[in-house]
1. If I model a spin label as a point 7 Å beyond the Cα along the Cα-Cβ vector, how far apart are those points for Asp64 and Asp130 in nm?
2. When the chain is fully extended, how far beyond the present Cα-Cα distance does Arg16 get from Glu102, taking 0.36 nm per residue of separation?
3. Of Phe37, Gln164, Pro191, which is farthest on the positive side of the dipole of the chain, counting Cα position, with +1 on Lys and Arg Cβ, -1 on Asp and Glu Cβ, and the Cα centre as origin?
4. Can you tally the net charge around Leu197? Count Lys and Arg as +1, Asp and Glu as -1, for every other residue whose Cβ sits under 13 Å from the Cβ of Leu197.
5. Measure off 7 Å from each Cα along the Cα-to-Cβ vector at Leu156 and Arg114, then give the distance between these two points in nanometres to one decimal.
6. Using the Cα centre as the reference, give the magnitude of the dipole from point charges on the C-beta atoms of the chain (Lys, Arg: +1; Asp, Glu: -1; all else neutral), rounded to the nearest 20 debye.
7. Report the residues of the range 3-23 in range of a label on Ser30: point 7 Å along Cα→C-beta, backbone N strictly under 15 Å from it.
Amino acid sequence: MAQRKATVSRDTLETRITVEVNLDGTGQSSFDTGVPFLEHMLDQIARHGLMDISIKADGDTHIDDHHTVEDVGITLGQAFQKALGDKKGIRRYGHAYVPLDEALSRVVVDFSGRPGLEMFVDFTRARVGDFDVDLGYEFFQGFVNHAGVTLHIDNLRGSNTHHQIETIFKAFGRAVRMAIEPDPRMAGVMPSTKGTL
């Protein structure tokens, strides 16, 4: 089977972003976004999702990180949609529970073609270093809108904010890995009674 790859660029007055993905990679990553904590989280997606991801972003981080984080989510979602093509033969659904010390998160994803985000996280602090944890929501909202996925994120427990958000991104990587994995019993088959996703 040919590797599922895509390159997408997004150029606005606020950000200039290029994303390259290989959904059948080995977890290699390269990031230059100007937002170090975001890069740490993106690395979790690549490594735990066994996807190769390269992202170059030049954004208005002198204002704040909002536009860069959101637009990276948007562009990554576009790259996923392009790389997956018609989605025939994939498992479609994925889920993962990931702990990190006292924190535990659950992520469930459906590559349904219908964007939807349900995110329930009670962060114990507003920031991890310089990173505003609310931007995690903006990243995932951008991704689901442009990848066309339904995504449920629940942080079930946790007192350390860094641990809370890291378990979310690790679980997201593993859930996505499960969902986009080719199912040998579904080879060439659309995983939907509608005949399209």
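1. It is 1.5 nm.
2. Gain on stretching Arg16 to Glu102: 27.2 nm.
3. It is Pro191, whose Cα lies furthest towards the positive end.
4. +4
5. 2.6
6. Dipole of the chain, to the nearest 20 debye: 1200 debye.
7. Correct set: 6-8, 18-22.
Throughout, read-outs are computed from the coordinates displayed, never taken from laboratory work. Bear in mind that the values here come from a model prediction, so they are computed numbers and not experimental data. Backbone-built Cβ (ideal geometry, glycine too); neighbour counts: all protein chains shown.
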